[in-house]
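To start, the structure itself, in structure tokens.
The values are calculated or read from the model by the stated rules, or taken from the named source; none is laboratory data. Remember, predicted model here, so these are calculated numbers, not experimental data. Cβ placement follows ideal geometry from the backbone for every residue including glycine, while neighbour counts extend to all protein chains displayed. When the accessible area is computed, the model is the full protein with side chains, heavy atoms only, and any ligands, DNA or RNA have been set aside. Shrake-Rupley method; radii C 1.70, N 1.55, O 1.52, S 1.80 Å.
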Amino acid sequence: MSTEEAKELEEFREFVYKIVILGESAVGKTSLLNRFCEGIFNEDYKPTLGANIIRKDVNLEESNTKIRLIMWDLAGQEKYNVIRSMYFQGCEGALFVYDVTRYNTFDSVKTRWLRDFKKYIRKEGVYVLIGNKTDLADERVVPTEKGKDLAEKINASHFIETSAKLGENIEDAFLLLVKQILSNHGVIV
Ligand code: G3D
Ligand code: MG
């Protein structure tokens, strides 16, 4: 083995993080995950659990780092109340999603989803706020500014608007969260 190769091996880092994707019904959570996973949808459906667990490996080549993301998605909101504590167990971060065409989905980020997250996560968790369905411009009722304001107010590490339909900003949304989690763990990328 050359010194170069040895160095490369030594510096290669791997992490496994669990994240959750939260928000009201039909805001586009599953669609965002589907897009992010681009057909390599590794789904471990647990009907009795009320959650879909999806795995994806993210490679940050520039920093020789591989992150295995274990992503929990709600499979039907009904079961959520029952499995809530399990849903958040060991979770490092969250994506809070609302639909820019429905105000109630925006409001409930703070009143419902963030509250649960804070209640069940014992350690410091990080989260990104996502306004989805930007392609429905004519139906939009939540302006970008409002999203930014909310993100600031709730201390989200980032705010981003996406369209799962058009595939806009999806990768960025997940990467923002991943990088924030790494930084939270003191990993420099
Ligand atoms: P959920 O997992 O949060 O419940 P889904 O939401 O991903 O199941 O999406 C709910 C509906 O919204 C779906 O429509 C889906 O196609 C649509 N949707 C998701 N993201 C977008 C988006 O960015 N733009 C638009 N225009 N629609 C989106 P259906 O009709 O299949 O129920
Ligand atoms: Mg869904």
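For the chain, the share of DSSP beta bridges that are antiparallel, to the nearest 5, is 35%. Compared with the dominant principal axis of the Cα atoms in the chain, helix 144-153 is inclined by about 70°.
Note that the chain presents 53 Å² accessible area per residue, ligands and nucleic acids not counted, probe 1.4 Å.
What is the magnitude of the charge dipole of region 3-184 about its Cα centre, with +1 placed on the Cβ of each Lys and Arg, -1 on the Cβ of each Asp and Glu, and no other charges, expressed in debye to the nearest 20?
Details: 27 positive and 30 negative charges, 223 e Å.
Magnitude of the dipole: close to 1080 debye.
Expressed as a whole percentage, what fraction of the accessible surface of the chain belongs to carbon and sulfur atoms when a 1.4 Å probe is rolled over the protein heavy atoms? Heavy-atom surface of the chain belonging to carbon and sulfur, 1.4 Å probe: 47 percent.
The 1.4 Å probe gives accessible areas that order Thr101, Thr162, largest first, as Thr101, Thr162. Multiplying the residue separation of Lys146 and Asp172 by 0.36 nm and removing their Cα-Cα distance gives an extension gain of 7.3 nm. Among the trypsin sites (Lys or Arg not before Pro) within region 81-127, those in coil by DSSP and having at most 16 neighbouring Cβ atoms inside 10 Å are Arg122, Lys123. Mean projected area of the convex hull spanned by the Cα atoms of region 106-171, taken over all viewing directions: 4.9 nm².
Over all directions, the projected convex hull of the C-alpha atoms in region 3-184 averages 11.0 nm² in area.
Using helices alone, what [θ] at 222 nm do you get for the chain, with -39,500 (n - 2.57) per DSSP H run of 4 or more residues, divided over all residues and rounded to the nearest 500? Result for the chain: -10000 deg cm²/dmol, rounded to the nearest 500.
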